[in-house]
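The next block holds one structure in the form of structure tokens; read it before the comments.
The values are calculated or read from the model by the stated rules, or taken from the named source; none is laboratory data. Small disclaimer: the values here were computed from a predicted structure and weren't measured. Positions of Cβ are generated from backbone atoms using ideal geometry, with glycine treated the same way; all protein chains shown enter the neighbour counts.
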Amino acid sequence: MLEHRLDATTGILHLHPKGALEKEDFAKLAQTADPYIEKQGALTGVIVDAAKFPGWDSFGAMAAHIRFVRDHHKKVRRIAVVTDAALGDVAEKLGSHFIAATVKHFPAGQTKAAEEWILAKPF
């Protein structure tokens, strides 16, 4: 399950995995992000705030996640991964090879620092 909220003022999409990711999570995420992207051209950033990566509940969920990233990565300027899990370092290193957005890892509890980094100029 993926809780999310879009701060329309800053253009930051906040993601909080609360359990195994489901296929429907990415459909709901697109319903939130796509209208903003259509209007503004891109998201300023995404903050993934996760104690650990919960995995997917099915192969379909993993495929939906991959499709979501493929369809949206060029429309996001910066991605902050806020976690103490090893996932943060992996995301930062691998992200630069596969997605257009700049990815940076922040320790757990550093959501405010992640927001400041996303909003810092230049994008």
(request) Quickly run through the stretch 81-103 and pick out the residues that are at pLDDT 90 or above and more than 19 Å from D25 (Cβ to Cβ). (result) none
(request) May I ask you to verify whether A30 is within 27 Å of G109 (Cβ to Cβ) and of a type in the set (G, A, S)? (result) no
(message) Just the residues that are at pLDDT 90 or above and not basic (K, R), please, taken from the stretch 109-123.
(response) G109, Q110, T111, A113, A114, E115, E116, W117, I118, L119, A120
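Yes or no: T44 under 14 Å from the mean Cα position of the chain (by Cα), not in a helix (DSSP H, G or I) and not aliphatic (A, V, I, L, M)?
Criteria met by T44.
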(request) For K74, state whether it is modelled with pLDDT of 85 or more, of a type in the set (D, E, K, R), crowded, with 18+ Cβ neighbours inside 10 Å and farther than 20 Å from A8 by Cβ. (result) no
(request) Identify the single condition in (1) within 26 Å of P122 (Cα to Cα); (2) part of a helix (DSSP H, G or I) that I79 does not satisfy, given that it satisfies every other one. (result) (2)
(request) Among the residues of the stretch 8-41, write down those that are surrounded by fewer than 17 Cβ atoms within 10 Å (Cβ to Cβ) and under 13 Å from the mean Cα position of the chain (by Cα). (result) H16, A30, T32
(message) When you check G60 against the structure, is it part of a helix (DSSP H, G or I) and either of a type outside the set (V, I, T) or in contact with a Gly (Cβ under 9 Å, 6 or more places away or on another chain) (or both), yes or no?
(response) yes
(request) For the stretch 42-55, name all the residues that are in contact with a His (Cβ under 7 Å, 6 or more places away or on another chain) and either surrounded by fewer than 18 Cβ atoms within 10 Å (Cβ to Cβ) or within 17 Å of A100 (Cα to Cα) (or both). (result) I47
